[in-house]
Amino acid sequence: MSGKRDFSRVYEEGVKYVGRLFVLYLYPGDDLARAVVASRKVGGAVTRNRAKRLLREAIRSRIEYEPRTVAEIKRREWPAAATGEGLWFVAVARRRIIGAKLQNVVAELDQLLCRPPAPAPDES
């Protein structure tokens, strides 16, 4: 996952999980890739960097260090694409992450990955 087209694909075709502290997008990719995003709405540069560090560490501890997690997510969300090790993650920080501790971010990630994703908006 490196270009704008890859991000667009994750946002449009992927699965979206909405949490209090961040929004998580998942998409079955060719490899295991993650991206963390914090816009200026979150705060200044120091605040945004802290938010991104928290998200990176939460994803690392719960997903990258536990290979079974990727297989379980793919099997649940995309049964036809369950083969392979690839999964793309995009975590978008929300303003509420400012005062959060790592254990809060990890707990929310666990909660989001255990429940069904948010419904896709109607395209009527």
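Report the trypsin sites (Lys or Arg not before Pro) located in the range 14-103 that are in a DSSP loop and have at most 11 other Cβ atoms inside 10 Å of their Cβ, or state none. Kindly include the intermediate steps, with their values, before the conclusion.
Numbers: sites: Lys16, Arg20, Arg34, Arg40, Lys41, Arg48, Arg50, Lys52, Arg53, Arg56, Arg60, Arg62, Arg68, Lys74, Arg75, Arg76, Arg94, Arg95, Arg96, Lys101; in loops: Arg20, Arg40, Lys41, Arg94, Lys101.
Those that pass, being in a loop and sparsely packed, are Arg40, Lys41, Lys101.
Report, in deg cm²/dmol and to the nearest 500, the calculated mean residue ellipticity at 222 nm for the chain, where each DSSP H run with n ≥ 4 adds -39500 (n - 2.57) and the sum is divided by the residue count.
After summing the helix terms and dividing by the residues of the chain, the value is -12500 deg cm²/dmol.
Evaluate the charge dipole of the chain about its Cα centre and quote only its size in Debye, nearest 20, assuming +1 on the Cβ of each Lys and Arg and -1 on the Cβ of each Asp and Glu.
Here the chain has a charge dipole of around 820 debye.
For Asn104 and Ala71, what is the calculated FRET efficiency with R₀ set at 35 Å and r taken between the beta-carbons, to the nearest 0.05?
Numbers: r = 26 Å, r/R0 = 0.75.
E between Asn104 and Ala71, to the nearest 0.05, is 0.85.
Return the long-range amide H neighbours of Ala33 (sequence gap of 5 or more, or a different chain), with a cut-off of under 5 Å between placed amide H atoms.
Those qualifying (amide H under 5 Å, at least 5 residues apart or on another chain) are Leu87, Trp88, Phe89.
Count the DSSP beta bridges whose two residues both fall in the range 4-114, then state the antiparallel fraction as a percent rounded to the nearest 5.
60
Please list the non-local residues whose amide H lies under 5 Å from the amide H of Phe22, H modeled 1.01 Å from N, same-chain partners needing a gap of 5 or more.
Arg94
Whole-Hz ³J(HN,Hα) for each residue in the range 16-28, computed from phi via Karplus 6.51 cos²θ - 1.76 cosθ + 1.60 with θ = phi - 60°, x for glycine and proline: what do you get?
Working through the residues one at a time gives 10, 10, 9, x, 6, 9, 7, 10, 10, 10, 10, 8, x Hz.
Every read-out reported here was derived from the displayed coordinates using simple, explicitly stated rules and does not represent laboratory data. Being a predicted model, the structure only gives us computed values, none of them experimental. Methodologically, a virtual Cβ is constructed for each residue, glycine included, from the backbone with ideal geometry; neighbour enumeration extends over all protein chains shown.
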